[in-house]
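All remarks here apply to the structure that follows.
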Amino acid sequence: MKTIAKSLVLSTTVLLFASPLTQTADAASIQNEQVTTQSDFQLPSVTDTIKQNIELSFQKQDKWLQKLELIAGQEKREQFEQFFNQHVGPDLKNLLEEPTLTWKQVDKTIYQSLVKSGVPFLAAKSFAHFATLSLKKM
């Protein structure tokens with residue numbers, strides 16, 4: 001079971017990292033206005049961006065699970081979905097309640113949840129890294 005979980009996590013993170021399936025562009029009209037004061041223009045905070053990307057990943061979970069099913073089959077998809085919902089998903093949802101977040105916290109949370117589930121340390125480190133990169137690309 002650990003081997004199956006490792007292979008599914010790896011294939012999914014590679015798929016999300018390499019594929020633009022999670023990136024959709026809604027083109028909006030851009031108005032050319034001059035920014036006059038600092039209060040006119042504010043970038044979203046890192047915490048807001050991280051929370052939005054985590055929420056977006058949950059919204060698009062079905063899409064990337066369908067891609068996994070195409071690659072590995074329905075049985076592997078169901079196994080991975082169950083694994084994700086038991087171990088990684090709840091920890092990511094807990095991150096949404098944090099007042100401030102960094103990408104390092106996201107990486108550490110994913111890593112710790114994989115280690116708790118029985119994934120070897122080095123594999124968990126690699127999977128967490130690629131999953132964090134995938135979340136950054138959303």
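In what order do Thr47, Thr100, Thr109 fall by count of nearby beta-carbon atoms within 10 Å, going from fewest to most?
Values: Thr47 15, Thr100 9, Thr109 19.
Least crowded to most crowded, the residues run Thr100, Thr47, Thr109.
May I ask which of Lys63/Lys104; Lys93/Lys136; Lys76/Lys136; Lys60/Lys116 have a Cα-Cα span longer than 22 Å here? Please report the intermediate quantities before stating the final value.
Numbers: Lys63/Lys104 26 Å; Lys93/Lys136 16 Å; Lys76/Lys136 25 Å; Lys60/Lys116 25 Å.
Listed pairs above 22 Å: Lys63/Lys104; Lys76/Lys136; Lys60/Lys116.
Quick one: Leu68, Leu96, fewest Cβ neighbours within 10 Å first, how do they rank? Present the calculation step by step, with values, prior to reporting the outcome.
Numbers: Leu68 20, Leu96 13.
Going from sparsest to densest Cβ surroundings: Leu96, Leu68.
Taken together, the values in this text are just the output of simple stated rules run on the coordinates, not laboratory data. These numbers were taken from a predicted model, which means no experiment stands behind them. FYI the Cβ positions are ideal-geometry reconstructions off the backbone, even for glycines, and counts take in every protein chain you see.
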